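*Asks:* Handing you this structure, nothing more for now.
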Amino acid sequence: MKRLSTLLLCFLLLPLLRADEGMWLPNLLKQLNEKDMQAMGMQMTAEDIYDINRASLKDAIVSFGGFCTASLISPEGLLLTNHHCGYSSIQSHSTMEHNYLEDGFWAGSFEQELPNPGLTATFLVRMEEVTQKVIAGLQAGMTAQERQSLIDKNIAAILKETPHEAYEEVEIKPYFKGLQYYLLVTVTYRDIRLVGTPPESIGKFGADTDNWVWPRHTGDFSLFRIYAGPDNLPADYSPNNQPYRPKKYLQISLDGIREGDFTLVFGYPARTNEYLPASGIKHILEVVDPVRVGMRDLSLAVMGAAMRRNPVVKLKYASKFAGIANGWKKWIGEMQGLKRVNAIGRKTQFELLFLEQLSANPDLQKAFGDILPRFKELYAELAPYEQSHQYYTEFTGRNVDLLRTAGLMRRLLKIYESSGQKGFDNFKQRLQPYLEKQYKNYLPQIDQKVFAALMQAYLEQVPDAHLPEGIKEKWTSEQMAGLSAELYQNSVLSSAESIDQLWRLSPKKLAKTLEADPAYQLFTRLAKAYEEKVQGDYQRIKSELEELQRRYLRGLITVFPKKHFYPDANGTLRVTYGQVKGYQPRDAVVFLPQTYLAGVMEKYKPGDYEFDVPEKLRQLYERKQYGPYGENKRLPVCFIGTNHTTGGNSGSPVLDARGHLIGLNFDRVWEGTMSDVFYDRSICRNIMVDIRYVLFIIEKYAEAENLVQEIRGGMADRD
């Protein structure tokens, strides 16, 4: 009976033990994935993807700004990434007279390309495992603080002794929660210029309604260029810099896609947490996501109403709204997906199998038997602190500009207290341009309404024990509107002009001015209450959970030695592979894997900010002037696949079996956004814009002949 039970569990949990999912390290593909990838149709070798001795695909992939991915598509440093990845840069160059968001932008020459201070492109040169060096000297019984202190010391020594060029940077990253460590050598280019972007009626078609949704019809792409010094090495912006000459750039295929085709996404995924226990998934579903979604419901309602009424507000708040809405909608889909696939139940079943394997081995039972019960205890203890933490973060750190600015100013003064004038000046130099960018698009009357809505929710939902004493008695719902107006009217932090005046003050005078400011005073009260009543216990429990998660991962690797585990995403270069594939999101509904321009026209709503279509695109559709980019008198727009992706993968190139560029990753389907913590291949799909649509827009819509000629040099021969 026991043997039958084990076999049954193995059968039920087979999807959890397969290697279909995953964000794999490129340097380990030969060892772990090459045979599987080739069995799925890949015609390359692992060395074609990652090689440190010759040019390989990795040399055409960059971390774009540290928040997205981009790829080189020409011998003159031309970068392809998403429209939404370039959105902030596009917005920074836009005015009411030259609205590149609304009209698009296409540079006709190198001289017309627009610089973007602070934007970077980072290449991975090589990576190597250094685990044994990092953990040298660790002993059983060390506290978490002692362990980390020794690891930090070892890392500093390794970095000091690692040979590298003056223009290279070296860092060490943990994988598997610190069970493994890799050294990464990178090169970062600092002169990145905007080359081309379609209007947001193409690049952001569907906007908020279609975000995280399939079918999708968005031309989500933009073009930038890397510039380098005369030696082809990184250099600060200069009009004398030259287009970067890459070791490798991607060849483009116009062969198109068919269901079942092999797809490879190569990029920089940000963060995942795939090995959470059932109690961790439950914590996300019942505590974390509901708070974040609820607070952003309120914030987006205020901003959305103002944006619909006034085009100036729409332009100024477009990027901020999109950023807040992106997470909001993702978390809604995450909750729905986790419930739909019964993630808690399936994790629980998997844990039963884990426990059964432990029970058969006394040594394993002794080493790992306490982990799952302790997870349940810790998540139960964490819940009230997590709730207050999420409310505090959303209120003071994300949705309300006034409070975020107050928090940054408080941090500046604390740095002065601890590090003196030098530390103050260093942080001030970083803070000034950040706030200048924020206040360029800041409207205090809207921020005030967001503040009032979120303050009300904060006081109602955060436990009294975690709030500043007496705050609820003052900030009642009846007084909220009046007190909010008074706060914004009297604060020096509510306008760009007054912020400029603050920068002229000495640190001591700045401190005196801020300490008398009502917004700074309010933030300080909120921050001190959070720090004294929430933060300590929150961090203590999270730290214990982190250590427990590391032990759990060690247990999984030990108990299931034949399974290939992949490390959670941590912002470093990864490969994910899958297939072009439709899916069934709910009963009697089946989604096909490809969309076409006809679908754009079906969604067309004249004058609508989400679904308007430029007249020229409508004309091209009516005439069916698709050039070499159409198939059977239809123009492909987007497609979906089973690749395991997350934030940071935006802008990642999508490659076919031969390593040729066929698309650009930009989103996931709503039903599968839970893939950050639980991947299910039945409904987890990544969304990609077809490279044929990208080239069609550049050539037929924009008529950017200079770019067409440049890109054509990288075209692959058609099969």
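The values are calculated or read from the model by the stated rules, or taken from the named source; none is laboratory data. Keep in mind that what you see is a predicted model, and the values were worked out from it rather than measured. Cβ coordinates were reconstructed from backbone atoms using ideal geometry, including for glycine residues, and neighbour counts include every protein chain displayed.
*Asks:* Looking at region 217-245, which of the residues that are outside any loop (DSSP other than H, G, I, E, B) and of a type in the set (S, T, N, Q) is nearest to ILE698 (Cα to Cα)?
*Replies:* Only one residue fits best here, namely SER222.
*Asks:* Moving on. Strands (runs of 3 or more DSSP E) wholly in region 643-692 with at least 3 residues that are of a type in the set (Ser, Thr, Tyr), at pLDDT 95 or above and in contact with a strand residue (DSSP E or B) (Cβ under 8 Å, 6 or more places away or on another chain) - which ones?
*Replies:* none
*Asks:* Which ones in region 121-154 are in contact (Cβ under 8 Å) with a residue 24 or more places away in the chain, crowded, with 16+ Cβ neighbours inside 10 Å and more than 24 Å from ASP51 (Cβ to Cβ)?
*Replies:* VAL134, ILE135, ILE151
*Asks:* Which of the residues belonging to region 615-630 are in contact (Cβ under 8 Å) with a residue 40 or more places away in the chain and crowded, with 17+ Cβ neighbours inside 10 Å?
*Replies:* LEU617, LEU620, TYR626, TYR629, GLY630
*Asks:* Taking the criterion of being among the basic types (Lys, Arg), within 31 Å of the chain's Cα centre (by Cα) and in a helix (DSSP H, G or I), would at least one residue in region 524-534 satisfy it?
*Replies:* For region 524-534, residues among the basic types (Lys, Arg), within 31 Å of the chain's Cα centre (by Cα) and in a helix (DSSP H, G or I): present.
*Asks:* Okay, moving on. Collect the residues in region 693-719 that are hydrophobic (A, V, I, L, M, F, W, C) and part of a helix (DSSP H, G or I), keeping them in residue-number order.
*Replies:* VAL694, LEU695, PHE696, ILE697, ILE698, LEU707, VAL708, ILE711
*Asks:* May I pose another question? With respect to VAL195, determine if the residue is surrounded by fewer than 20 Cβ atoms within 10 Å (Cβ to Cβ) and of a type outside the set (Asp, Glu).
*Replies:* For VAL195, the condition - surrounded by fewer than 20 Cβ atoms within 10 Å (Cβ to Cβ) and of a type outside the set (Asp, Glu) - is not met.
*Asks:* Of everything in region 124-150, what is among the acidic types (Asp, Glu) and part of a helix (DSSP H, G or I)? Give them in sequence order.
*Replies:* Selection gives GLU146 alone.
*Asks:* Going by the structure shown, is ASP568 touching a Lys or Arg at 6+ places or on another chain (Cβ under 8 Å), of a type in the set (Asp, Glu), closer than 30 Å to GLU381 by Cβ and not in a helix (DSSP H, G or I)?
*Replies:* Spelling it out, ASP568 is indeed touching a Lys or Arg at 6+ places or on another chain (Cβ under 8 Å), of a type in the set (Asp, Glu), closer than 30 Å to GLU381 by Cβ and not in a helix (DSSP H, G or I).
*Asks:* Would you pick out the residues in region 72-123 that are among the aromatic types (Phe, Trp, Tyr), over 23 Å from LEU57 (Cα atoms) and in a strand (DSSP E or B)?
*Replies:* Matches in region 72-123: PHE105, TRP106.
*Asks:* Is it true that some residue in region 38-46 is modelled with pLDDT under 50, surrounded by 14 or more Cβ atoms within 10 Å (Cβ to Cβ) and not aromatic (Phe, Trp, Tyr)?
*Replies:* For region 38-46, residues modelled with pLDDT under 50, surrounded by 14 or more Cβ atoms within 10 Å (Cβ to Cβ) and not aromatic (Phe, Trp, Tyr): absent.
*Asks:* Please find, among LEU159, LEU184, the residue that is assigned to a helix (DSSP H, G or I) and among the hydrophobic types (A, V, I, L, M, F, W, C).
*Replies:* LEU159
*Asks:* Take the residues of region 452-470 that are surrounded by 14 or more Cβ atoms within 10 Å (Cβ to Cβ) and touching a Lys or Arg at 6+ places or on another chain (Cβ under 7 Å): which is nearest to VAL291 (Cα to Cα)?
*Replies:* LEU459
*Asks:* Could you look through region 531-557, keep only residues that are among the small types (Gly, Ala, Ser) and at pLDDT 95 or above, and pick out the one that is surrounded by the most Cβ atoms within 10 Å (Cβ to Cβ)?
*Replies:* GLY555
*Asks:* If I filter region 162-181 down to residues being in a loop (DSSP other than H, G, I, E, B) and aliphatic (A, V, I, L, M), which single residue comes out as surrounded by the fewest Cβ atoms within 10 Å (Cβ to Cβ)?
*Replies:* Applying the filter and picking the extreme gives ALA166.
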